[in-house]
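Asker: One structure, as structure tokens, below. Some questions next.
The values are calculated or read from the model by the stated rules, or taken from the named source; none is laboratory data. What you see is a predicted model, and the numbers here were worked out from it, not measured in a lab. So basically every Cβ, Gly included, is an ideal-geometry build from the backbone, and we count neighbours across all protein chains shown.
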Amino acid sequence: MHGLAETASGAVGYVFPNDLHVHWSLMIVLYPYITGIVAGAFIVSSLYHVFHVKALRPIARFSLLFALAFLACATLPLLNHLGHPERALNMMLTPSPSSAMAGFGYIYSAYAVVLLLEILFIYRPTLVRLAQTSTGWRRSLYGVLSLGSDNLSDEALALDRKIIAFLAGIGIPMACVLHGYVGFIFGGVKANPLWATPLMPVIFLLSACVSGIAGIILAYMVIKRGEVDMTCIRTCLKYLWGFFILDFVFEMLEVFSHAYMATHHWETLHTLLWGPLFNSYWVGQVLIFSVVPFFLLGVLSLVRLDDGMVRFLAPLVSLMILIQVLLMRWNVVIGGQLMSKSERGAVFFHPEWFEKEGIVPAIVIMVLPLVILYVLGKIFPFWLPAEEKRG
Amino acid sequence: MQPSGFRAKHNTHVLRVLIVLVVLGVAGGLARALLLPSSFGKYGHYRADAVREEMRRPLRNMTNESCLACHPNIKKIHLAGVHRTVSCEVCHSAYADHIAEGKVVAKMPVRRGEEIRTLCLRCHNRIIRARPKESIKMIAMPDHLEQKGVRTDHLCNQCHHVHAPLKWIREARAAMGLPERPQTAAEGGVSWMRD
């Protein structure tokens, strides 16, 4: 933090004293990134459970666990950024309908309940079988997770299917609201010309879908290596392309509408995009990690490539898309704050490795969901057993 | 219906989920009842007692009127100069550092030597480009001293009275029989600032 002395000595040129420090740090870059992956992964699962895209069956259960692992860490960046995590639940004690920030907490909690219930209901037959075949503490754990019921009759399973359809059905709008809302929080900051656009929720939502699908493809291919279902991968790639077309087009339309409207803010935005953000925005986000994957995905979706080629390109393009979305979060969150409030130039942001919200904590927070996913994988089998695959 | 070899009924798990949700809801309600501060919501979405607690905090800052009540000579000069709207505490320190319960408890810090230059430049440094030039005289150091033809190690208060920066300048001009220079906006020439 800056003391008065640093503030006074740093406040030179066009920089106001309250401009010196980029307050929404790396943590606020990760917050929409992780939340987006959650929403996107859930949508992959819903494509199977609600829209009956049969090809996605092999990853339908996995995507829910993937979403849960990231959901468990979605609030960590915020808790680290704000400090005093013990106060986090105060907003549940005194709910404020007029607080945009608290609104995320309510949506997040409701969504967490829906996701947990959906996982438990979808996994119930598996959990019941595991409860019957395992011993010791695992048996007790599976007993609790299967809600103490061993009933797998047609009647019980039919009831489960209805409940799953209901949960997945309300889960889709909730996942969309979860991430669209993050975009709304940024879009609602009218003092920041880079953020204040009604397109922001749309862009955030579409990039969420894109990052979720890419994350699932990459994780599926890394975990299963040679045993991936190629029809499933090809279908995922088609959806990834579809969502990415919309995402990329809206991202560009946003910049073009700023440029075409050329309001009094455009000069600042222009200075920002062609100044400190040139490399991370035009070179990174747009050229390397949007245009290249855009064409790669087009080829993968339209040309019948052999399996070996798809096995090589699919994880590569997914990784590129994941980097694109991370860059987009960086360019929005950090970029938006690099405009001096005097609108006469840019300020600078250099994250440190070891500070509270530095690069190391950011890496830890990004690795943690993968650790949680590993632990979840020990309890909930990711993949369908061979006999269920045909079902 | 399939003949049941199962111990649980077909909807036992669903009922248990509902019970868990209801229990969680009730536990949340109880937690709220136990943890909510009693004065919350009395006036609005905040703890009403917080207002009283804040009011009990001892005041640190006061207005210029409080300071000038005991410093009549400074009052005469300060209120006649272009710094008349500048708070005493901006350059000195908080009132509470000097006075407690109506008594002087410590000497008020007065800036001297090089500190004066730093203090003046905090507002008047031309490098602060975000500040509109119209409302405040902006200068660069040592350009200003060179332009005025004085040594560059001169301190601001050798020519300017810190409470009324133009007081000595005007007096000197009058003593030398020079005409009064028309005031620029930065020197207090705006109608609402004029004496």
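Asker: When you scan segment A:156-184, how many residues do you find that are in contact with a His (Cβ under 6 Å, 6 or more places away or on another chain) and basic (Lys, Arg)?
Answerer: Of the residues in segment A:156-184, 0 are in contact with a His (Cβ under 6 Å, 6 or more places away or on another chain) and basic (Lys, Arg).
Asker: Go through (1) at pLDDT below 95; (2) out of contact with any helix residue (DSSP H, G or I) (no Cβ under 6 Å at 6 or more places or on another chain) for A:LEU116 and report which single condition fails.
Answerer: Of (1) at pLDDT below 95; (2) out of contact with any helix residue (DSSP H, G or I) (no Cβ under 6 Å at 6 or more places or on another chain), only one is false for A:LEU116: (1).
Asker: From A:PHE42, A:PHE121, which residue is farther than 22 Å from A:VAL177 by Cα and outside the structural domain of A:PHE243 (by TED's automatic domain parsing)?
Answerer: Working: A:PHE42 fails: farther than 22 Å from A:VAL177 by Cα.
On inspection, the qualifying residue turns out to be A:PHE121.
Asker: Answer yes if at least one residue in segment A:87-94 is basic (Lys, Arg) and within 13 Å of chain B (Cβ to nearest Cβ), and no otherwise.
Answerer: Yes, there is a match, as at least one residue in segment A:87-94 is basic (Lys, Arg) and within 13 Å of chain B (Cβ to nearest Cβ).
Asker: If you take just the helices (runs of 4 or more DSSP H) that sit entirely in segment A:286-391, which of them hold at least 3 residues that are in contact with a Phe, Trp or Tyr (Cβ under 8 Å, 6 or more places away or on another chain)? So that I can check it myself, show each step before the final result.
Answerer: On the way: elements: A:292-302, A:307-337, A:359-379, A:386-389.
The helices (runs of 4 or more DSSP H) meeting that bar are A:292-302, A:307-337, A:359-379.
Asker: Then there is this: Please verify whether A:GLU86 is surrounded by 14 or more Cβ atoms within 10 Å (Cβ to Cβ), of a type in the set (Asp, Glu) and farther than 21 Å from A:LEU30 by Cβ, treating the condition exactly as stated.
Answerer: Details: surrounded by 14 or more Cβ atoms within 10 Å (Cβ to Cβ): no; of a type in the set (Asp, Glu): yes; farther than 21 Å from A:LEU30 by Cβ: yes.
So A:GLU86 fails the test.
Asker: Given A:TYR106, A:TYR123, which one is within 18 Å of the chain's Cα centre (by Cα) and closer than 22 Å to A:GLY171 by Cα? Outline the logic, then answer.
Answerer: Values: A:TYR123 fails: within 18 Å of the chain's Cα centre (by Cα).
Just one listed residue meets the conditions, A:TYR106.
Asker: Considering only residues that are more than 20 Å from A:PRO381 (Cα to Cα), away from every other protein chain (no Cβ under 11 Å) and either in contact (Cβ under 8 Å) with a residue 12 or more places away in the chain or not in a helix (DSSP H, G or I) (or both), which ones fall in segment A:142-167?
Answerer: Across segment A:142-167, the qualifying residue is only A:ALA165.
Asker: Please tell me if A:THR268 is farther than 22 Å from A:ALA67 by Cβ and assigned to a loop (DSSP other than H, G, I, E, B).
Answerer: Numbers: farther than 22 Å from A:ALA67 by Cβ: yes; assigned to a loop (DSSP other than H, G, I, E, B): no.
Considered against the rule, which asks whether it is farther than 22 Å from A:ALA67 by Cβ and assigned to a loop (DSSP other than H, G, I, E, B), A:THR268 comes out as no.
Asker: Only one of (1) surrounded by 13 or more Cβ atoms within 10 Å (Cβ to Cβ); (2) aromatic (Phe, Trp, Tyr); (3) farther than 24 Å from A:ALA219 by Cβ is not met by A:TRP137, so which one is it?
Answerer: (1)
Asker: Among the helices (runs of 4 or more DSSP H) lying completely within segment B:10-68, list those that include at least 1 residues that are among the aliphatic types (A, V, I, L, M), within 12 Å of chain A (Cβ to nearest Cβ) and over 30 Å from A:VAL128 (Cβ atoms).
Answerer: B:12-35
Asker: Answer with yes or no whether B:ARG84 is touching a Leu at 6+ places or on another chain (Cβ under 6 Å) and surrounded by 15 or more Cβ atoms within 10 Å (Cβ to Cβ).
Answerer: Values: touching a Leu at 6+ places or on another chain (Cβ under 6 Å): no; surrounded by 15 or more Cβ atoms within 10 Å (Cβ to Cβ): yes.
No: the conditions fail for B:ARG84.
Asker: Please name all residue pairs, on different chains or six or more residues apart, with Cβ atoms under 6 Å, provided the first residue is in segment A:67-95 and is outside the structural domain of A:LEU116 (by TED's automatic domain parsing) and farther than 12 Å from A:LEU368 by Cβ and the second residue is surrounded by fewer than 17 Cβ atoms within 10 Å (Cβ to Cβ) and of a type in the set (Lys, Arg).
Answerer: Taking only residues 6 or more apart or on different chains, the pairs are A:LEU93/B:ARG32.
Asker: From the residues in segment A:192-250 that are among the charged types (D, E, K, R) and in contact (Cβ under 8 Å) with a residue 40 or more places away in the chain, which one is nearest to A:PHE66 (Cα to Cα)?
Answerer: Of segment A:192-250, the ones among the charged types (D, E, K, R) are A:224-225, A:227, A:229, A:234, A:238, A:247.
From what's left, in contact (Cβ under 8 Å) with a residue 40 or more places away in the chain: A:224, A:229, A:234, A:238, A:247.
On the way: A:LYS224: 14, A:ASP229: 18, A:ARG234: 20, A:LYS238: 20, A:ASP247: 22 Å.
So, considering only residues that are among the charged types (D, E, K, R) and in contact (Cβ under 8 Å) with a residue 40 or more places away in the chain, the one nearest to A:PHE66 (Cα to Cα) is A:LYS224.
Asker: Would you pick out the residues in segment A:74-103 that are in a helix (DSSP H, G or I) and touching a helix residue (DSSP H, G or I) at 6+ places or on another chain (Cβ under 6 Å)? Walk me through how you get there before you give the answer.
Answerer: Filtering segment A:74-103 for residues in a helix (DSSP H, G or I) gives A:76-82, A:85-87, A:90-93, A:100-103.
Scanning segment A:74-103 gives A:LEU76, A:PRO77, A:LEU78, A:LEU79, A:ASN80, A:HIS81, A:PRO85, A:MET91, A:LEU93, A:ALA100, A:ALA102.
Asker: Related question: If you go through segment B:161-168 one residue at a time, do you hit one that is exposed (fewer than 14 other Cβ atoms within 10 Å of the Cβ) and outside the structural domain of B:HIS78 (by TED's automatic domain parsing)? Working first, answer last.
Answerer: Initially, segment B:161-168 is screened for residues exposed (fewer than 14 other Cβ atoms within 10 Å of the Cβ), giving none.
Looking for residues that are exposed (fewer than 14 other Cβ atoms within 10 Å of the Cβ) and outside the structural domain of B:HIS78 (by TED's automatic domain parsing), one finds none in segment B:161-168, hence no.
Asker: Cβ-Cβ under 8 Å, sequence separation 6+ or interchain: first residue in segment A:337-364 and surrounded by 13 or more Cβ atoms within 10 Å (Cβ to Cβ), partner among the basic types (Lys, Arg). Which pairs?
Answerer: Close Cβ pairs satisfying both conditions: A:SER342/B:ARG129; A:ARG344/B:ARG129.
Asker: Going through A:HIS21, A:HIS52 one at a time, which residue ends up being under 23 Å from A:VAL364 (Cβ atoms), surrounded by fewer than 21 Cβ atoms within 10 Å (Cβ to Cβ), without any contact (Cβ under 8 Å) to a residue 40 or more places away in the chain and over 18 Å from the mean Cα position of the chain (by Cα)? Step through it out loud before you land on a result.
Answerer: On the way: A:HIS52 fails: under 23 Å from A:VAL364 (Cβ atoms).
The unique qualifying residue is A:HIS21.
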